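One structure is given here, and the rest of the page talks about it.
The values are calculated or read from the model by the stated rules, or taken from the named source; none is laboratory data. All values reported here derive from a predicted model rather than from experimental measurement. Don't worry about glycine lacking a Cβ; one is built from the backbone with ideal geometry, like all the others, and counts go over all protein chains shown. Accessible surface is based on the protein model in full, side chains and every heavy atom, while ligands, DNA and RNA are left aside. Shrake-Rupley method; radii C 1.70, N 1.55, O 1.52, S 1.80 Å.
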Amino acid sequence: MRILVTGFVLFVIWCFVSAWLYNDILLPSVKKPVTIQTISQTNTREADSLAKIKAMMPVNLQIHFGFNDVQFKPDPQIDARISEFRSWLDKYPNSVLQITGHTDLVGTAEYNNRLGLKRALVVGKFLETKGFNPSRMSIESKGASDPCAGYIAAEERAKNRRTEISVKMN
């Protein structure tokens, strides 16, 4: 019985103390007016203009190839997309076309790097015939090191056999 009475007394004391803490200390601190500090923002027009330029860049163009193939068959959709890159290069003389060849995982790393480079060179030669300046092109191969799809299904491996054309700002 003593334990019950002692527990009840401690419970009542705890209720009074917690009510006092809540009503007299916690609530007034919550209801205090909050002072808001305004931070002066400096204009970063240069960063904003770079973000706008990047947003206007043409979307990367992917040209797909067959297995162990470097033959490129142009079509009207590719020609239309290439015109976007031409107008971009005309508008921004410091920009360069980045042409990157990719392969699937089949074969050795050395062979895939050579095959990716051949694919990129074929696309570069095609762009030269369309009037692009070779000095404004950067051609490289990533082989199988940068896949855009998986390697298990044949359809996924086919997506990785590509050459990407993108814009790089200098």
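Taking only protein heavy atoms and a 1.4 Å probe, the accessible area of the stretch 1-110 is 63% carbon and sulfur. Remark: the stretch 125-138, residue by residue, has Karplus-estimated 3J(HN,Hα) of 5, 4, 5, 4, 5, 8, x, 7, 7, x, 6, 9, 10, 10 Hz, where x stands for each Gly or Pro and the curve is 6.51 cos²θ - 1.76 cosθ + 1.60 at θ = phi - 60°.
Starting from the Cα of GLU156, move 7 Å in the Cα-to-Cβ direction to define the label point; list residues of the stretch 101-134 whose amide nitrogen is under 18 Å from there. What the label zone holds, given the 18 Å backbone N cut-off, is 103-107.
Estimated at 0.36 nm per residue, the fully extended path between SER138 and GLN37 surpasses their Cα-Cα distance by 31.4 nm. Each peptide in 53-63, 8-18, 68-78 receives the mean, over its residues, of other Cβ atoms within 10 Å, and ordering these scores from highest gives 53-63, 68-78, 8-18. Rounded to the nearest whole Hz, the Karplus-based 3J(HN,Hα) values (6.51 cos²θ - 1.76 cosθ + 1.60, θ = phi - 60°) of the stretch 24-34 follow the sequence 9, 10, 6, 4, x, 6, 6, 7, 5, x, 8, with x at glycine and proline. Fully extending the segment from ARG2 to GLN71 would add 15.3 nm, taking 0.36 nm per residue of separation and subtracting the current Cα-Cα distance. When the solvent-accessible area of the stretch 112-156 is split by element, carbon and sulfur atoms take up 54 percent of it, the probe being 1.4 Å.
Taking every protein chain into account, the accessible area of the stretch 1-154 amounts to 73 square angstrom per residue (probe 1.4 Å).
Secondary-structure-derived ellipticity at 222 nm for the chain, considering helices only, amounts to -15000 deg cm²/dmol, per-run term -39500 (n - 2.57) for DSSP H runs with n ≥ 4.
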